[in-house]
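Before any comments, here is the structure.
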Amino acid sequence: MGPRRNDAPDTSGGEAAGGAPAGTGENAPAGAGRRRTFRRVCSAALLAVALTGGAVAFGAARDDGRAAPAAASAAAVDPGALAGGDPDAAVTALQAHLRAQPKDHDGWATLALAYVEQARTKGDPARYPQAEAALKRSLALSPGNDEALAGRAALAAARHDFKGALADADRALKHNPYDERALCSRIDALVELGRYSEAERAADTADARKPGTPVFTRYAYVHELRGDVTTARRVLRQALAGATSPGDIAYVATQLGQLAWNQGDYKDALTYYARALAADDTYLPALEGRARAQAASGRRAAAVEGLEAVVARAPLPGPLVALGELYEARGAAGDQAKARAQYTLVRAWIALARANGVDADLDTALAAADHGDKAAALRAARAEWARRHTVHTADALAWALHVNGHDEEALRHAREATATGYRNTSFLYHRGVVELATGHTKEGRASLAAALKLNPGFSPLGAAEARKALEAAK
């Protein structure tokens, strides 16, 4: 999932590297990194198919339980679809392979990762139980195999069980210290648990053992969380210069776009998103990022159109909230109803996620504080804070406390959220509002001014509220 480089309200629940979890899709520097790793493992699976002699029998049942074609050839496994990171095609190909080779434990682990990727790209957490079942099958066939353990780490991270993700990543690394997915999952888990110094050391270790795009993007995010934007930008630019596949280019360019957007540099952000979409015009994180940058640049119509297309494909909390706020800010006839519909979808997604084993407390806290049940937001924020102390959970708790009238308690957490130096406009905005509410007028004005200077278009509604609060505090 992740982590998120995006400065806009993050309702994803993750924060790892723009959040990109190790290779298969959970949170942050997540998106494209997961796609890239996914393609790699699928390519490995394809290679494994080829090495078995070429012919692949098809049969048994489909994923949906319906009867599948009786037989086909290896040509039915579409290398182009796998190389393009199409999770649907990959799942179909892997299911077919496993019908012929049901004892291929690597194949089951790869299928699990494909399910995780499907869940991420489609916003459908119902795939997680299928991933879990595939991983159990892999481990039953080959107990302790590092592919399945690394896959289990990815699945745990996708469900926001970051302690579990860390434990499984460590188990995988005991078997194979150079397992890239496990190395990356370990960084992501430490980031999501707020153990930033350990995450930095883990990034150094991963860089020494398995340098490459997945590690570079996480290395950059760890530095960004420390406020070291210069290093983050340099590393990402180097990664982009070395990227050759469309997936890697789209992923890294999007990370650079998000970093630029977070610094209020919308021109650079749009340039990087354009580069990402030139490599892969279906890449959702780039489409979402472009829409946010368009909104911040005053191109609201294009932003609305872009986000409508994104949520039509993947109705995830982050873009749903962003679209709802754009409707509210536009204020045209019917827009309020449209906005409420987006927030209703967020609640539906959270319910679905929970039903499939996902800890959605951070998503709930972020979305409900501004667009739902404020008491529920605070309960969720407290629950998440009890599990992990990160800059994102500190900010979510601070804001949930504020909207429930507990400003004195909120102040400590608002300051914790900005303590690492992470340049996040939403955090500064929340801190400024809480400071004003607790009588720290000078500090509050400074925080709000810093937020609006850093990224004046960080949120269609939040930016307007920040300006209003700053003006009132003069």
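The values are calculated or read from the model by the stated rules, or taken from the named source; none is laboratory data. Note that the structure is predicted; figures quoted are calculated from it, not measured. Positions of Cβ are generated from backbone atoms using ideal geometry, with glycine treated the same way; all protein chains shown enter the neighbour counts. Protein only, heavy atoms only, side chains kept; ligands, DNA and RNA dropped before computing areas. Shrake-Rupley method; radii C 1.70, N 1.55, O 1.52, S 1.80 Å.
Would you confirm whether any residue within the range 303-321 is of a type in the set (Lys, Arg), open to solvent by 60 Å² or more (accessible area, probe 1.4 Å) and either out of contact with any Ser or Thr (no Cβ under 9 Å at 6 or more places or on another chain) or within 20 Å of residue 462 (Cβ to Cβ) (or both)? Looking for residues that are of a type in the set (Lys, Arg), open to solvent by 60 Å² or more (accessible area, probe 1.4 Å) and either out of contact with any Ser or Thr (no Cβ under 9 Å at 6 or more places or on another chain) or within 20 Å of residue 462 (Cβ to Cβ) (or both), one finds none in the range 303-321, hence no.
The rows are residues; the columns are (1) under 17 Å from residue 387 (Cβ atoms); (2) touching a strand residue (DSSP E or B) at 6+ places or on another chain (Cβ under 9 Å).
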site	(1), (2)
149	no, no
161	yes, no
170	no, no
176	no, no
192	yes, yes
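Checking each residue in the range 392-424 for being hydroxyl-bearing (Ser, Thr, Tyr) and closer than 19 Å to residue 440 by Cα picks out only 418. What tally of residues in the range 163-221 results from selecting those that are outside any helix (DSSP H, G or I) and of a type in the set (Ser, Thr, Tyr)? Selection size over the range 163-221: 1. For beta carbons closer than 7 Å, sequence separation of 6+ or different chains, a first residue in the range 133-160 that is farther than 11 Å from residue 111 by Cα and a second that is open to solvent by 60 Å² or more (accessible area, probe 1.4 Å) and assigned to a loop (DSSP other than H, G, I, E, B), the qualifying pairs are 141/103.
Screening residue 213 against (1) at pLDDT 95 or above; (2) closer than 27 Å to residue 257 by Cα; (3) not acidic (Asp, Glu) leaves a single unmet condition, (1).
Highlighted here are the helices (runs of 4 or more DSSP H) found entirely within the range 244-358 that include at least 3 residues which are under 30 Å from residue 212 (Cβ atoms) and modelled with pLDDT of 95 or more: 246-262, 266-279, 284-296. Of all residues in the range 199-255, those being surrounded by 21 or more Cβ atoms within 10 Å (Cβ to Cβ) and under 21 Å from residue 423 (Cα atoms) number 18. Checked against (1) under 30 Å from residue 244 (Cα atoms); (2) out of contact with any helix residue (DSSP H, G or I) (no Cβ under 9 Å at 6 or more places or on another chain), residue 355 passes all but condition (1). Assigned to a helix (DSSP H, G or I) and touching a Gly at 6+ places or on another chain (Cβ under 9 Å): does that describe residue 232? No. Can you confirm whether residue 150 is in a helix (DSSP H, G or I) and under 23 Å from residue 117 (Cα atoms)? Answer is yes for this residue. When the range 270-290 is filtered for residues that are open to solvent by less than 60 Å² (accessible area, probe 1.4 Å) and charged (D, E, K, R), the ones remaining, listed by number, are 280, 288.
Taking the range 322-334 as the search range and keeping residues that are closer than 18 Å to residue 347 by Cα and among the small types (Gly, Ala, Ser), which one is surrounded by the most Cβ atoms within 10 Å (Cβ to Cβ)? Of everything passing the filter in the range 322-334, 324 is surrounded by the most Cβ atoms within 10 Å (Cβ to Cβ). Against the definition (free of Cβ contacts under 8 Å to residues at least 12 places away in the same chain and of a type in the set (S, T, N, Q)), how does residue 344 come out, yes or no? In short, yes. For the range 113-131, a residue qualifies if it is hydrophobic (A, V, I, L, M, F, W, C) and at pLDDT below 95, and the qualifying residues are 113, 114, 116, 119, 126.
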